[in-house]
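A.B. asks: Here it is, the structure in full.
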Amino acid sequence: MKILCSNPIYQYKSHKKKIDQAIQKVLNKGIYINGKECNKFELEFSRFVGMPYCLGVANGTDALEIALKIINISKGDEVITTCHTAAATISSIINVGAKPVILDIDKNTFNINTKLLKKAFSKKTKAIVAVHIYGNPCEIEIIKKFAKNNKIYLIEDCSQAHGAKLLKKQVGSFGDMSCFSFYPTKNLGAIGDGGAILFKSKKLKNQASLLREYGWKNKFYSKIIGRNSRLDELQASVLRVKLKKLYNDNLKRIKLASRYIKKLKKIIKIKLPLTDVKNYHVYHLFVIKTETRDKLKKFLEKKNIFSTIHYPAPIHKQEGFMKKIKFIGSKKNIENITSKILSLPIYPELKLSEQNYIIKSLEEFYE
């Protein structure tokens, strides 16, 4: 028995009949780009999140880059964000020519420390990219108020938080725009790459529509210099199937997480994830903190349990980013967790017997 940290093939198998039917329908129709499946998904996903407009794109990184470009973020500008995120968040800012201004995290939630926002703001600040890490909403209301008071754009990076909520309101509906990745391991995952941008403004949506497809105002006539970043019909059809199942799949994640917490809280050498009671955490990842992380990881591997580290090196210590970011204030909290965090297996199809085995193995290690 091999237990992976995430296992998208199980997700496919759990919805196999509906997915196969959806894919076959697209194949038979013969329209594989810019068809009705993508249009329908955009409408359904915008309704799900609670934003007026949605645009499917090729991946989550493109979603962030396009969102930044259409608000004219470029060389000389600064964009505030968190130090604890996937590289895509930071590289998107750099790729449009701007400077990422990086803030430390809250030591309990691992989300951006909102107390540092004021210190990070300057005349060059044009936007904030707020990341909801691991499926746990950040303090987005505080960030939204800060952005409004300082007349800057707020973009939500919801790539790990499909279906997460704050006070019953979906993440992705607080900012001027929100960006999603549909990488196969996400809570809402395609069978390949995919992404989306959601908008409050129709004007921004229209600008993004031009940018994602060669700048075409009409086919073969470019109004601006654009790119090729489209969500294809096959992926859109898969996402439409999975979107209908997302609420129940997230409930399964939450139940698994609750069970981990209940069974592991007696192990004092493990620090379990914390979440605000206002938050609806959807547990894209279940991340513990322990002083013996590396030894535990190797022990679990011997038991055929494959955990992962999200993320083993902070942004400011990665060679590609070192000279291209500006870190504000202390790095205390991010550097404290880097050698201690470990993501345990969690996905809707994880069997109770498999989770019992993981829990038993953790208990055995700490005996």
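A.B. asks: For 83, 5, 138, which order do you get if you count the other beta carbons within 10 Å of each Cβ and list the fewest first? Intermediate values should be presented prior to the final figure.
C.D. replies: Working: 83 24, 5 19, 138 29.
Fewest-to-most Cβ neighbours within 10 Å comes out as 5, 83, 138.
A.B. asks: Over the stretch 136-214, one equal point on each Cα, no solvent: what is log10 I(q)/I(0) by the Debye formula at q = 0.27 Å⁻¹?
C.D. replies: Values, matching the q order: -1.25.
A.B. asks: Please check: in the Gaussian network model of the chain (C-alpha springs, under 10 Å), which one of 156, 319, 78 has the largest mean-square fluctuation.
C.D. replies: 319
A.B. asks: Related question: Grab every C-alpha pair in the chain, bin the distances at 20 angstrom width from 0 up to the longest one, and report whole percents.
C.D. replies: In whole percents, the pair-distance histogram is 30, 57, 13, 0.
A.B. asks: Also: Largest first and in whole Å, give the semi-axes of the stretch 208-367's equivalent ellipsoid, each being the square root of 5 times a Cα gyration tensor eigenvalue. Each step should come with its number before you reach the end.
C.D. replies: Numbers: eigenvalues 291, 120, 43 Å².
Ellipsoid half-lengths, sorted descending, are 38, 25, 15 Å.
A.B. asks: Only bridges with both residues in the stretch 137-241 count here: give the DSSP antiparallel percent, nearest 5.
C.D. replies: Numbers: 10 of 13 bridges.
Looking only at bridges with both residues in the stretch 137-241, the antiparallel portion is about 75 percent.
A.B. asks: To two decimal places, what compactness ratio does the stretch 213-260 give when its Cα radius of gyration is scaled by 2.2 N^0.38 Å?
C.D. replies: Values: Rg = 18.9 Å, N = 48, 2.2 N^0.38 = 9.6 Å.
That works out to 1.98 for the stretch 213-260.
A.B. asks: Another one. I'd like to know which of 343, 281, 333 lies farthest towards the positive end of the charge dipole of the chain, counting +1 on Cβ of Lys and Arg and -1 on Cβ of Asp and Glu.
C.D. replies: Positive-end residue among those listed: 281.
A.B. asks: For residue 108 and residue 150, what is the calculated FRET efficiency with R₀ set at 25 Å and r taken between the beta-carbons, to the nearest 0.05? Intermediate values should be presented prior to the final figure.
C.D. replies: On the way: r = 26 Å, r/R0 = 1.05.
FRET efficiency, residue 108 to residue 150: 0.45.
A.B. asks: Same structure, new question: Taking a temperature of 4 °C and a viscosity of 1.567 mPa s, what whole-number D in µm²/s does Stokes-Einstein yield for the stretch 259-306 with Rh from Kirkwood over alpha carbon pairs? Intermediate values should be presented prior to the final figure.
C.D. replies: Details: Rh = 12.4 Å.
For these conditions, the coefficient is 105 µm²/s.
A.B. asks: Once every Cα of the stretch 183-238 carries one equal point scatterer and solvent is ignored, give the base-10 log of I(q)/I(0) from the Debye formula at q = 0.20, 0.24 Å⁻¹, two decimals.
C.D. replies: The calculated log intensity ratios at q = 0.20, 0.24 Å⁻¹ are -0.81, -0.95.
A.B. asks: Let me have the relative contact order for the stretch 141-239, percent, based on Cα pairs under 8 Å that are six or more residues apart.
C.D. replies: Numbers: 151 pairs, mean separation 17.9, N = 99.
So the answer I get is 18 percent.
A.B. asks: Rounded to the nearest Å, what's the spacing between the alpha carbon centres of the stretch 351-367 and the stretch 61-116? Just the number, please.
C.D. replies: 37 Å
A.B. asks: Where the centroid of each part is defined by its Cα atoms, how far is the stretch 124-152 from the stretch 231-290 in Å?
C.D. replies: 22 Å
A.B. asks: Continuing with this model, one more query. Pairs of Cα atoms under 8 Å, at least six residues apart: use those to get the relative contact order of the stretch 245-366, whole percent.
C.D. replies: On the way: 125 pairs, mean separation 43.6, N = 122.
This gives 36 percent for the stretch 245-366.
A.B. asks: In the Gaussian network model of the chain, springs joining C-alpha atoms below 10 Å, which of 254, 71, 112 carries the largest mean-square fluctuation?
C.D. replies: Highest fluctuation of the listed residues: 71.
A.B. asks: Also, I was wondering about something else. Could you check the simple spin-label distance between residue 255 and residue 278, using points 7 Å along Cα→Cβ, in nm with one decimal?
C.D. replies: Result: 2.9 nm between the two label points.
A.B. asks: Still on this structure, I have one more. Can you flag which of 107/303; 145/278; 69/126 are past 23 Å Cα-Cα?
C.D. replies: Details: 107/303 30 Å; 145/278 18 Å; 69/126 12 Å.
The answer is 107/303.
A.B. asks: If you build a Gaussian network model of the chain, linking Cα atoms that sit under 10 Å apart, which residue out of 143, 80, 23 swings the most?
C.D. replies: Sorting by GNM fluctuation, first place goes to 23.
A.B. asks: Please order 227, 47, 293 by the number of other Cβ within 10 Å, starting at the fewest. Please list the in-between numbers first.
C.D. replies: Values: 227 16, 47 12, 293 19.
Ascending number of Cβ neighbours within 10 Å: 47, 227, 293.
A.B. asks: Can I ask one more? From the cross-link list 169/217; 168/326; 266/326; 2/289, which pairs have alpha carbons spaced over 31 Å apart? Walk me through the numbers before you get to the answer.
C.D. replies: Details: 169/217 35 Å; 168/326 34 Å; 266/326 40 Å; 2/289 23 Å.
As for pairs spanning more than 31 Å Cα to Cα, those are 169/217; 168/326; 266/326.
A.B. asks: Restricting attention to the alpha-carbon atoms of the stretch 278-367, what are Rg (one decimal) and Dmax (integer), both in Å?
C.D. replies: 15.9, 47
A.B. asks: How many percent of Cα pairs in the stretch 13-67 exceed 18 Å? Write out the running numbers ahead of the final one.
C.D. replies: Values: 736 of 1485 pairs.
Here the long-distance tail beyond 18 Å is 50 percent of all Cα pairs in the stretch 13-67.
A.B. asks: Between residue 335 and residue 28, how many nm apart are label points set 7 Å from Cα along the C-beta direction?
C.D. replies: Distance between label points: 6.1 nm.
A.B. asks: Right, something else. What is the Cα coordinate range of the stretch 42-196 on the first, second and third principal axes, sorted by size from largest, in whole angstrom?
C.D. replies: Principal extents (largest minus smallest coordinate, Cα): 40, 32, 26 Å.
Every number in this text was worked out from the coordinates using simple rules, so none of it is lab data. Remember, it's a predicted structure, so these values are computed and weren't measured experimentally. Counting neighbours? That spans all protein chains shown, and the Cβs are built from the backbone with ideal geometry, glycine included.
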